[in-house]
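The values are calculated or read from the model by the stated rules, or taken from the named source; none is laboratory data. Keep in mind that what you see is a predicted model, and the values were worked out from it rather than measured. Because the Cβ atoms are built from the backbone with ideal geometry, glycine has one as well, and the counts that use them run over all protein chains shown. These area figures cover heavy atoms from the full protein model, side chains too; ligands, DNA and RNA do not enter into them. Shrake-Rupley method; radii C 1.70, N 1.55, O 1.52, S 1.80 Å.
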Amino acid sequence: MGEELLVSGQIDAGADFIRDFDDYVSVSVAFWVAPSESEQRYLYIASDEIDDTNTHAAYGEVLRRLQVKQGPWLDPFQVKLINTSDRIARAAIEIRDRYSTPLPTRYGGSSLGGLSIDGAYIYPPVSALNTAT
């Protein structure tokens, strides 16, 4: 993901949070993205159950769950919740499913769903994350 790769602590914290958050809403796809115009890395979580009517409550749940964990590797402001119909979510699902592996996919393309990026790290489906532990 560009010059500054995700460290294993961030990758593991993301996977742990995704498994936990899947108890709240069914996670369709989750992935780290390094937008080209930012030094920050964001953990996108897409679900069919997240929409305009419950986004605020879902972010409240992100805060609640991350306060319980209190780890150094994932800040609540790094989490972006989107609906599975979002272009970036659909692109991540397409890439993840293209390789059909229970392992994460590092994507080095310059764009994801129309967003200019330096790279992405796409987690496998939650069911594969659950069997990895």
Quick one: which residue in ILE88, ILE93 is open to solvent by less than 20 Å² (accessible area, probe 1.4 Å) and modelled with pLDDT of 95 or more? ILE88
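Could you check region 102-133 and list, in sequence order, the residues that are open to solvent by less than 30 Å² (accessible area, probe 1.4 Å) and either of a type in the set (Gly, Ala, Ser) or within 10 Å of ALA92 (Cα to Cα) (or both)? Talk me through it step by step, then tell me what you get.
Our first condition is that a residue be open to solvent by less than 30 Å² (accessible area, probe 1.4 Å); within region 102-133, this holds for 105, 109, 112-113, 117, 119-124, 126, 128-129.
THR105, GLY109, LEU112, GLY113, GLY119, ALA120, TYR121, ILE122, TYR123, ALA128 - these are the residues of region 102-133 that are open to solvent by less than 30 Å² (accessible area, probe 1.4 Å) and either of a type in the set (Gly, Ala, Ser) or within 10 Å of ALA92 (Cα to Cα) (or both).
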Could you check how many residues of region 15-43 are part of a loop (DSSP other than H, G, I, E, B) and among the charged types (D, E, K, R)? 5
So SER8 passes all but one of these: (1) surrounded by fewer than 17 Cβ atoms within 10 Å (Cβ to Cβ); (2) within 22 Å of SER116 (Cα to Cα); (3) of a type in the set (Ser, Thr, Tyr). Which condition number does it fail? (2)
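Of all the residues that make up region 96-106, how many are touching a strand residue (DSSP E or B) at 6+ places or on another chain (Cβ under 7 Å) and in contact (Cβ under 8 Å) with a residue 24 or more places away in the chain? Write out each step before concluding.
The initial filter retains those residues of region 96-106 that are touching a strand residue (DSSP E or B) at 6+ places or on another chain (Cβ under 7 Å), namely 96, 99, 104-106.
Checking the rest, the ones that are also in contact (Cβ under 8 Å) with a residue 24 or more places away in the chain come to 96, 104, 106.
Adding up the residues that qualify gives 3.
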Over region 35-54, the set of residues of a type outside the set (D, E, K, R), closer than 26 Å to GLY119 by Cα, without any contact (Cβ under 8 Å) to a residue 60 or more places away in the chain and open to solvent by 10 Å² or more (accessible area, probe 1.4 Å) is SER38, GLN40, TYR42, TYR44
Taking the criterion of being at pLDDT below 90 and among the hydroxyl-bearing types (Ser, Thr, Tyr), would at least one residue in region 29-41 satisfy it? yes
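Tell me, which residue of region 80-95 that is of a type in the set (A, V, I, L, M, F, W, C) and free of Cβ contacts under 8 Å to residues at least 40 places away in the same chain is farthest from TYR44 (Cα to Cα)?
So the residue we want is ILE95.
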